[in-house]
Structures are given as C-alpha cells and as structure tokens.
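See structure below.
The values are calculated or read from the model by the stated rules, or taken from the named source; none is laboratory data. Just so we're clear, the structure is a prediction, and the values are computed from it rather than from any experiment. Glycine gets a Cβ as well: all are built from the backbone with ideal geometry, and neighbour counts include every protein chain shown.
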Amino acid sequence: MQREVAQLAGCGRRVVGVPVSSRSHCHGAAAVRANSGYAGVVFFLVALIIAGLFLLHRLVRGYPQPRERYVVIGVWDAAFLDAAASTFFPAGGSVPLSGLEADLPGYADRYLASLPSRQRLLIRALFMLFEQSTIVLPARGLGAFRRFSSMTPEQRKVVLRGWAESRFYLRRFAFTALKAVLIMGYFGRPECLQFLEVESFEIETPIARADLLYPPIGQALESIQYAEADLTPPSDGTPVNMAEGIR
C-alpha cells in the first residue's frame, strides 16, 4: 500500500501521508529523466549541425578556380566536366585532342545558356548526380567516397563503369544522357571534325526574311542579329562542290 501511494506521489499527485523521503526520491527520478531528454535533443542538434557542415563542405568547398568566368555553370560544374572529359577522352587517345583541351565546361556553359530554365536545371542536376553520388555509390580503394572530380583517374573509370553496366535501367539511362552531352561537346570541336575528316562545308546562305523572325536552332530569340538592311538576294542555285576539300 505504501509503495502504491509513493508511486502516486511520483506522478505529480499530492497524497497525504506519503513520507518526505519518498517524494524527494520520485522528484529526483523525474529530474534525471528530464535531463536525459534534454541531452538527447542537444546531441541530435549537434549531429545535425555537423552533418550540415559536412554537406556544405562537400557541395561547395575545395573546388579549384575555373579557367574562365562562366554565365550559367559554377565551379563544381566546371570541375566535374573537366574530370569527366579527361576520363572519357584521355590524352594520348586515338583523337589527338584530349578532353581537357576540348574545353567542355565552356561548351556546356554556352549550351545551357541557350536552353529554357527547366532543361538547364535538369542537365545541371545530372552533373550534380554524378559528382556527388559517390557518397552512396563509392569507387574502390583509398578515397572511394570522395567527390567524382576529386578521385583518381582509375577510380573515375570504376564509377562510370558502374553506371554503364548497372542492372538498373535508370542508372544506365543517366549514363547515356551524360555521355551524349560530353560527346556533342567534344566531337563538335573543329579539331575533332578535321581529324575525322567530317568537317562541315562552308556554305554561303542568303539572309531571308525568316532569319529576321527565328533564331538559329537551339538559341534564344535574343540571338537574332539581322535587320531589314541585312537581307540579300536569293541563291542563284549553284550546287555545292562536294569534292572540294576532300583529301
């Protein structure tokens, strides 16, 4: 009976006849429980702050300064594109121009600037996915969880191979999308086209009224640079000499 009365007193109820020592013991136990709860909250907040600082450092800190100032992409985009380009198109390959020499960050910046904001965001999210996914899909060896751009060339190959050969379709699809962007930028360089002997013919096209209304393919309306005074007579119909320039 006395034990039950003491338990009632510990629950915060005032019970007549309960010894003072029993009430003090119950209040002490409640204080211990309260302090334990506060300690848990403090520990959670500290852990959350540490995790936030780690993510902030991983996302924006430690990147080298880019070679030039870009309009759309940031320093992490440029670092990732340089790393991916050097992995896909290393120096000393079959094509003399290396991925770093092709300046794929510059190409990506110009290409993204011509796209609507939604598509621009999706492509940059693709770059971010490959740059940061190594925290859950690591490479091998020391530094396997580092950012893609901070890995060794061999580790980058392991990461990209994992995406290309994954049993999950979405991972393979993402790899194909990344490869398409890099290939367009690399093989669109005049040096590559000249080496492959597929450089485009120089064709002098007349400036028609449609050129005053529509921008070049893939560019914004602001890129229209012609006015009424720039109109030229139509072509005289002379065909292009396809044999010209063939070695």
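Every listed requirement among (1) assigned to a helix (DSSP H, G or I); (2) at pLDDT below 95; (3) not basic (Lys, Arg) is met by LEU160 save one, (2). Only residues that are part of a helix (DSSP H, G or I) and touching a helix residue (DSSP H, G or I) at 6+ places or on another chain (Cβ under 6 Å) were counted in the range 135-156, giving 3. In this structure, GLN155 does not qualify as surrounded by fewer than 16 Cβ atoms within 10 Å (Cβ to Cβ), of a type in the set (S, T, N, Q) and free of Cβ contacts under 8 Å to residues at least 24 places away in the same chain.
Picking from residues in the range 167-204 that are modelled with pLDDT under 85 and in a loop (DSSP other than H, G, I, E, B), the one that is farthest from GLU101 (Cα to Cα) is GLU204. With respect to (1) surrounded by 10 or more Cβ atoms within 10 Å (Cβ to Cβ); (2) modelled with pLDDT of 90 or more, the lone exception for VAL71 is condition (1). For the range 197-207, the count of residues that are within 27 Å of PRO64 (Cβ to Cβ) and not small (Gly, Ala, Ser) is zero. Sub-9 Å Cβ pairs linking a first residue in the range 219-246 that is more than 26 Å from LEU193 (Cα to Cα) to a second residue that is at pLDDT 65 or above and among the aromatic types (Phe, Trp, Tyr), at least 6 apart or interchain, are LEU221/TYR214; ILE224/TYR214, ordered by first then second residue. Taking the criterion of being under 28 Å from the mean Cα position of the chain (by Cα), at negative phi and outside any helix (DSSP H, G or I), the residues of the range 206-223 that qualify are PRO216, ILE217, GLN219, ALA220. When the test is whether a residue is exposed (fewer than 12 other Cβ atoms within 10 Å of the Cβ) and more than 16 Å from ALA180 (Cα to Cα), PRO138 does not pass it.
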